[in-house]
Amino acid sequence: MLDLALQGGQMLLVLLLAPLLTGLVRKAKARLLGRRGPSVLQPYRDLLKLFCKEIVLADTASWLFRVIPYLVFAATWVATALVPTFGTRLLFSWSADLIAVIALLGSARFFLVLAGMDVGTSFGGIGSSREAMIATLAEPATIMIVFTLALMAGSTQLSEVAGFMLSPNVGVRVSAGLALVALMMVAIAENGRIPVDNPATHLELTMVHEAMVLEYSGRHLALIELSASLKLLLYLSLIGCVFFPWGLAPATAPAFDQLQGIAAYVLKLLAGGLLLALFETTVAKMRVFRVSDFLGAALMLGLLGTLLLFVSRSL
Amino acid sequence: MSVVPVTIALGCVAAFLVVAVLAVVAGRTRVATPLIYAACLVVALAAFTNAFAALVTGAAPSAAASPLGLPWIGARFRIDPLAAFFLAVVDFGAAAASLYAIGYGRHEDEPQRVLPFYPAFLAAMNLVVLADDAFTFLWSWELMSLASWALVMAHHREEDNARAGTIYLLMASFGTLALLLAFGLMAGPDGGYAFADIRAEGPSPFLAGLVIGLALVGAGSKAGLVPLHVWLPLAHPAAPSHVSALMSGVMTKVAVYGFVRITFDLLGPPDIWWSIPVLAIGGGTAVAGVLYALMQTDLKRALAYSTIENIGLVFVGLGLALAFDANGLRAAGALALTAALFHVLNHMLFKSLLFLGAGAVLVATGERMMEHLGGLIRRMPVTSAAFLVGSAAISALPPLNGFASEWLLLQAILLSPQLPQWGSKLLLAGVATLLALSAALAAACFARIYGVVFLGRPRTSAAETAHEVDRASLAAMILLALLCLGAGILPGLVIDGLAPVVASLTGAQMPTQAGIAWLSIVPVSESRSSYNGLLVFLFILSSASLAALLVRWLASGATRRAPAWDCGFPDPSPATQYTASSFAQPIRRVFGSYVFRAREHVEMRPPGDVGPARMKVTMHDGAWDLLYDPLVNAVAFAARKLDKLQFLTIRLYLSLVFFAVLFLLLVLALWP
């Protein structure tokens, strides 16, 4: 029963924290740029507003267009809930490993790309086509990172990987460093942050994600925005639990450890969000076709990490 | 005497042949088409039930011999677990295609060009899998090639189909030649052509290497391994769609069967280096196939190229199994082989579904070009829903079946550091990258196909006025879509079903999955990795429903229909939508500039000229440029040079004959 409560608690926690993280990043960016910026609670207000507004649905939208927000939200939410946040070995953590979590995000993207194509506008198409191009490089890079981690830890289960990273026999590993850098690059691309995409604009030159969801409004848009926030939270949780697994509490640990885990998790998110904002304000947006170089580098880092492990095992 | 499975299977083959003969007689009458396909459906279902029962009940291998065939050898047939599995795959695909064709066949203009060859094709594929000696195997293999060639040529007056048929025939003959040589080498000088004799023979390492090479060429050309794939994207789409489904979904599996039979069964214990060409070619095929598929604008051709990709994945699994087995890592070998065979089953399910869907689109609109379609989701709701399931499954999205088999394959690759050989390990890291790349590209490829064909606004009046297809066709597609979902959420059942096959080939099998809590799959151990398709499916379903319910209760339900927003400048012309080519443009630019040497040329008009500017894209197919065109040129060159031999005097001919005889006698005399 307690297991179920912990699992449910994690699902609720990620859902409640996700807009806050987005608000935090926006606020930090605004302050770094010398603006006051909206309150960190603004994303909640935006979501509330969107949920209360009527939907303006394009004449040419099909039933799929109306179903996709729910599917995207569900897939992203399930994926986020399966990544350890404050504790490991939760009730259902074994039902999907890291590969499945990545593939769930892939499902969400597949359907979002379809949504961009559904109404039959040029803006939706441009977003979908570019998103697909970015995905063809980001996904293999992610899989190679997963390989590096799995080869080190001997498991693709996130709880096991985190447990291995906490154990004293990890030491300093070149492969882990390469994987961390690659994962950060992938996280930036996957979440449509600068320099790959700009979440704050609707300008034609930068549009990828925002163009794809241009036709959405009202509650549909709210779900998609919430999914985007969840995805950002997922990547920060993933980096946190794999590379900085301090404070993670197993599900069997006493309540104090759980609370400690939550506190550590919130601190990790805070640090991650601030670093992301700092990074975003220091680099410039790159051309769409430079993204392939950026992500190609991530892919090569992932491959290099795997190769190093293959080689070092045989020594 | 009890009836053994092999007798029933042979009875089904005979029934197919009887139906073929009937089709020759009655093929021209109007009522014949549904009856012939219904008969095929019944026979295929019987054959499937028989094979499935043999596989699941774990019946002992049953054999039969017939005096027909080569003198003193006759023809031998046998059903062991491997044959039973592939028979089940073949006959299930055949049943689905036949059910579909009961409706689809009515649209055939000249049914007598299809009807007799269709049952013969099914009979031949069954016979290949049943054969237990080299002669029967090759004879059935040739029958399969010829019957499918006749089906490819059914619409022989259409543009390019004759060329497709010629290339197919050439490549099929070449492949059979390679297999003939492979079996000749395996049978040895004493000529024991029965598979039992070949198993007992145990060839030398050098001969085994040659056989592996020949089997890769022979079976690989039929399966579509790069660079022997060139016929496949021409021939598969040229046939009627239910036959395309059979050729892509089923015939390529018979080719995989041929390769598995030779390498895992007949040749005996594998050597480590056998795996290297299989892995390298498999990985290359996977990425090349899907990149080609992304560049196509013809719906059926894109599907055919995607078949090449999936065959690449299967061969990666087979290569991994060879590498593990050669090092005595039996459990890991069993995992890799299970992944490969699981993908064989999955690809049969979703590629048949997708080709049947393409056929439905073809019937409804008369169009295969994606640039002329669009918006079919409103006109053909059932077809589009089934096609969506197939697209998601082939893109390896959880919780569908494509993800389950690719997940197993990745788990198998993660075991590869156990291999002692450096070369294999480094190769496998590369192959892993290729696999990851091909999975991501496949998702882009099928999002593109689905988005352009079924979503958006109709691009032509044909797409605008399309109608849903008949019930038999829909039933076949729905059945396949449900099975894609079923195999995806209950992969443990499939793995257990494959256990006897894997055990008979590698001597080991994956841990039994049936008893694991919540129907998870655990390939090695719980702490290493586990996946539960059922729970993932239920999680997604419940959280989506929960979200929908909450939104319904708490959020505003108001909806207003209005013209598309499109940043304030909507254009009423459907030509302003993204097309298949424009969707693929970024990917073509990123990958195509290396792989296909794709170049874009923009022709701008001079100032003052009001004509439209044009953009041309040129792409080169490496297989044709580097391999086939030089080969064709060399053959033509040799033919021109040897042409002189036709116009010699009688004296020269006589002396040529004299010298030839002299040479042969010399060879005989000097032969050790």
query = Regarding residue B:565, is this residue facing chain A (nearest Cβ under 7 Å) and aromatic (Phe, Trp, Tyr)?
reply = yes
Scanning segment B:308-342 residue by residue, those modelled with pLDDT under 95 and charged (D, E, K, R) turn out to be B:325, B:330
Being at the interface with another protein chain (Cβ under 7 Å from one of its Cβ atoms), out of contact with any strand residue (DSSP E or B) (no Cβ under 8 Å at 6 or more places or on another chain), surrounded by fewer than 24 Cβ atoms within 10 Å (Cβ to Cβ) and more than 18 Å from residue B:541 (Cα to Cα) is the requirement here; does residue A:122 meet it? yes
Restricting attention to segment A:12-63, the residues that are within 12 Å of chain B (Cβ to nearest Cβ) and of a type in the set (Gly, Ala, Ser) number exactly 3
In segment B:242-257, anything of a type outside the set (Lys, Arg) and within 12 Å of residue B:351 (Cβ to Cβ) is listed as B:244, B:245, B:246, B:247, B:248, B:249, B:250, B:251, B:252
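Listed here are the residues, each with its yes/no results for (1) closer than 29 Å to residue B:76 by Cβ; (2) buried (at least 20 other Cβ atoms within 10 Å of the Cβ); (3) among the charged types (D, E, K, R).
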{"residue": "B:172", "(1), (2), (3)": "yes, yes, no"}
{"residue": "B:175", "(1), (2), (3)": "yes, yes, no"}
{"residue": "B:191", "(1), (2), (3)": "yes, no, no"}
{"residue": "B:207", "(1), (2), (3)": "yes, no, no"}
{"residue": "B:212", "(1), (2), (3)": "yes, yes, no"}
{"residue": "B:221", "(1), (2), (3)": "yes, yes, no"}
{"residue": "B:231", "(1), (2), (3)": "no, yes, no"}
{"residue": "B:249", "(1), (2), (3)": "yes, yes, no"}
In segment A:64-94, residues that are more than 7 Å from chain B (Cβ to nearest Cβ), farther than 26 Å from residue A:236 by Cα and of a type in the set (A, V, I, L, M, F, W, C) total 2
Residues in segment B:450-463: is at least one more than 30 Å from residue B:263 (Cα to Cα), under 21 Å from the mean Cα position of the chain (by Cα) and touching a residue at least 60 places away in the same chain (Cβ under 8 Å)?
yes
Okay, helices (runs of 4 or more DSSP H) sitting entirely in segment B:196-307 with 2 or more residues that are more than 20 Å from residue B:181 (Cα to Cα), at pLDDT 90 or above and not basic (Lys, Arg), I get B:232-238, B:241-246, B:275-295
Within segment A:25-39, the residues that are under 19 Å from residue A:222 (Cβ atoms) and buried (at least 20 other Cβ atoms within 10 Å of the Cβ) are A:25, A:26
If we keep only residues of segment B:29-55 that are among the polar types (S, T, N, Q) and assigned to a helix (DSSP H, G or I), then the residue modelled with the lowest pLDDT is B:33
Exactly one of B:164, B:182, B:147, B:154 is under 15 Å from residue B:224 (Cα atoms), assigned by TED's automatic domain parsing to the domain that holds residue B:124 and assigned to a helix (DSSP H, G or I), and that residue is B:164
For residue B:444, the lone unmet condition from (1) surrounded by fewer than 24 Cβ atoms within 10 Å (Cβ to Cβ); (2) at the interface with chain A (Cβ under 7 Å from one of its Cβ atoms) is (1)
- Message: Residues that are of a type outside the set (Val, Ile, Thr) and within 23 Å of residue A:61 (Cβ to Cβ): does segment B:328-346 have at least one?
- Response: no
In segment B:38-50, residues that are more than 18 Å from residue B:249 (Cα to Cα) and in contact (Cβ under 8 Å) with a residue 12 or more places away in the chain total 5
Scan segment A:244-259 and tell me whether some residue there is assigned to a helix (DSSP H, G or I), more than 14 Å from chain B (Cβ to nearest Cβ) and surrounded by 15 or more Cβ atoms within 10 Å (Cβ to Cβ). yes
Restricted to segment B:56-77 and to residues being part of a loop (DSSP other than H, G, I, E, B) and touching a residue at least 24 places away in the same chain (Cβ under 8 Å), the residue farthest from residue B:197 (Cα to Cα) is B:58
Of the residues in segment B:509-533, those that are crowded, with 19+ Cβ neighbours inside 10 Å, facing chain A (nearest Cβ under 10 Å) and outside any loop (DSSP other than H, G, I, E, B) number 2
Counting only strands (runs of 3 or more DSSP E) entirely within segment B:540-637, those with at least 1 residues that are out of contact with any Lys or Arg (no Cβ under 9 Å at 6 or more places or on another chain) are B:559-562, B:614-618
Checked segment B:78-107 for anything assigned to a strand (DSSP E or B) and surrounded by fewer than 24 Cβ atoms within 10 Å (Cβ to Cβ); matches are B:78
Among the residues of segment A:145-166, the number that are at the interface with another protein chain (Cβ under 7 Å from one of its Cβ atoms), part of a helix (DSSP H, G or I) and in contact with a Ser or Thr (Cβ under 6 Å, 6 or more places away or on another chain) is 3
Quick count over segment A:202-243, residues being closer than 19 Å to residue A:184 by Cβ and either assigned to a loop (DSSP other than H, G, I, E, B) or of a type in the set (A, V, I, L, M) (or both), is 10
Checked B:378, B:368, B:330 against criteria (basic (Lys, Arg), within 14 Å of another protein chain (Cβ to nearest Cβ) and more than 16 Å from residue B:312 (Cα to Cα)); the one match is B:378
Checking A:64, A:50, A:112 in turn, the sole residue that is in contact with a His (Cβ under 9 Å, 6 or more places away or on another chain), surrounded by fewer than 24 Cβ atoms within 10 Å (Cβ to Cβ), touching a residue at least 12 places away in the same chain (Cβ under 8 Å) and over 20 Å from residue A:240 (Cα atoms) turns out to be A:50
Of the listed residues (B:345, B:318), the one being out of contact with any Gly (no Cβ under 8 Å at 6 or more places or on another chain) and either outside any loop (DSSP other than H, G, I, E, B) or over 24 Å from residue B:497 (Cα atoms) (or both) is B:345
Of the listed residues (B:593, B:545), the one being within 11 Å of chain A (Cβ to nearest Cβ) and modelled with pLDDT under 90 is B:593
Screening B:393, B:429, B:385 for residues that are free of Cβ contacts under 8 Å to residues at least 24 places away in the same chain and within 12 Å of chain A (Cβ to nearest Cβ) leaves only B:429
Across segment B:251-286, the tally of residues that are closer than 26 Å to residue B:443 by Cβ, assigned by TED's automatic domain parsing to the domain that holds residue B:449 and surrounded by 24 or more Cβ atoms within 10 Å (Cβ to Cβ) stands at 6
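The values are calculated or read from the model by the stated rules, or taken from the named source; none is laboratory data. The structure presented is a predicted model; accordingly, all values stated were derived computationally and were not measured. Glycine also receives a Cβ, built like all others from the backbone with ideal geometry; neighbour counts cover every protein chain displayed.
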